[in-house]
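Some notes on the structure that comes next.
The values are calculated or read from the model by the stated rules, or taken from the named source; none is laboratory data. Please read all numbers here as calculations on a predicted model, not as lab measurements. Positions of Cβ are generated from backbone atoms using ideal geometry, with glycine treated the same way; all protein chains shown enter the neighbour counts. When the accessible area is computed, the model is the full protein with side chains, heavy atoms only, and any ligands, DNA or RNA have been set aside. Shrake-Rupley method; radii C 1.70, N 1.55, O 1.52, S 1.80 Å.
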Amino acid sequence: MLPVTEKMALSEGAVTAPPASCNRGAVGFGAREFGFLCCQHTALCFSLGRREGGAAPCISCSRREGGWGRQASAVSLLQVVGLTLLAGGVYSAKNGTAAVARFIEARLWKPSLVSEKSRITVLEALQHPFQVSRRLLRRPQDVLEGVVLHPSLEAQVRNMAIATRNTQKNHGLYRNVLMYGPPGTGKTLVAKNLALNLGMDYAIMTGEDLALRGREGVTAMHELFDWANTSRRGFLLFMDDAEAFLRKPATEEMSNYYLRVAQNAFLNHTRQRSNKFMLVLASRDPKQLHRDIHDRIDVMFYFDLPGPEERERLLRMYLDKYVLMPATEGKQRLKLAQFDYGRKCEEIAELTKGMSAREIAQLAQSWQDTAYASEDGVLTEAMLDAHVEDFVEQHQKKMRWLKREGPSSWTSTP
Ligand SMILES: Nc1ncnc2c1ncn2[C@@H]1O[C@H](COP(=O)(O)OP(=O)(O)OP(=O)(O)O)[C@@H](O)[C@H]1O
């Protein structure tokens, strides 16, 4: 620091002698007399801030280069600022372009991980205008439309729908959901119905697909979340077979480096509940899920195999959908012979014990196929019974195979 007197004298610009602390006595310090000092001779005096020039030779040693005069320092400061601004400009232009590209991409394409989605891209709207408008108009009136569940689970699903609607209205944070239970019990169906009923976008992906992506998995994961975050209506992201991707780190598959990186990327994206998307994970065996995933789950629903009453309701619903309705509408060549349909459904409900709702839907579809394949298009009671017998046999065979593979090939209980 300079003595106060020197500072005062300098600030008045009238100093002709150097300050006592400066050993360059030959150099005048008045703003006018004082010319330029090279780097070597300016170290101390520069701190006084009275230099001028920079183009002239150093008045102490006549060197021209490396000037530290005020003008020179101002020029280099300007250069630094200029270069910084230029670098900043290039960087923001690059990022801005990438953001615009991502925005356009999100509206034109779907991420590669998504197998099914509700969101309509510009390309799709242009390619299939009629299908798209029909899809836009289709909206289930009830979250449980076309779904048969145990009454207690039905009540829980309804409550979740009400809570999600309120979240949507209040721009709150969506709850993350885990649906678990045997395959074909309606997990995907309920998630889709929930999204459609609430007017949310949805996308369906499978954990296994992601697990098999290798190094591409991480990019695909970021792409997916970027896409989900562009939704203005709220987004439901459904991951089927979640345990294939989000399994515990100790398991054999997790020795795969890329899988671990993709899993971390997923955990990062879901670190906090979002007001943009709702995560719905479906798993047959939630015990295998990563611990951190359990931390992210707010609600869990167990989807069990249908009991006798649900099987009967399913049989009535699918007989109606695949046989009675087409028969009464008369659009297709299909008729149903006369017998007591209600009693028949009760009987079949007993015989189909242990079958999933999907297997029951497939059974009813097979009745329709047989009727179409028959000569007169009439589905008789005997034809119906024959199919039930086949299905029961197939189901028992599948169960024997699965039992041989061990309990892990099957599923968790609540
Ligand atoms: N609870 C249900 N009520 C009515 N139909 C159902 C039900 N569960 C399944 N189905 C029928 O089975 C099909 C497949 O069901 P869904 O995909 O929802 O099962 P899931 O539990 O997600 O099984 P997975 O894990 O194998 O995908 C549905 O499209 C529907 O036809």
* Asked: Taking the range 146-208, how much of its Cα-Cα pair set, in percent, is spaced more than 13 angstrom apart?
  -> 69
* the range 116-302: relative contact order as a whole-number percent, Cα under 8 Å and 6+ apart -> 31
* To do: Take the Cα atoms of the range 308-409, build their convex hull, and give its volume per residue in Å³.
  => 98
* May I ask you to derive the FRET efficiency for LEU402 and VAL299 from their Cβ-Cβ distance with R0 = 25 Å, giving the value to the nearest 0.05? => 0.30
* Excluding VAL392 itself, calculate the net charge of residues whose Cβ lies under 14 Å from the Cβ of VAL392, where each Lys or Arg counts +1 and each Asp or Glu counts -1. => -2
* Fraction of accessible area attributable to carbon and sulfur, the range 215-286 (%, probe 1.4 Å) -> 43
* Asked: If the chain between LEU267 and HIS128 were fully stretched, how many nm would it gain, using 0.36 nm times the residue separation less the Cα-Cα distance?
  -> 46.4 nm
* To do: Compute from the Cα atoms of the range 116-302 the Rg and the Dmax, the latter being the longest Cα-Cα distance, and quote both in angstrom.
  => 16.5, 50
* q = 0.22 Å⁻¹, the range 223-341: log10 I(q)/I(0) [Debye, one scatterer per Cα] -> -1.24
* Structure fact -> Given unit charges at Cβ for Lys, Arg (+) and Asp, Glu (-), the dipole magnitude of the range 234-324 about its Cα centre in debye, nearest 20, is 340
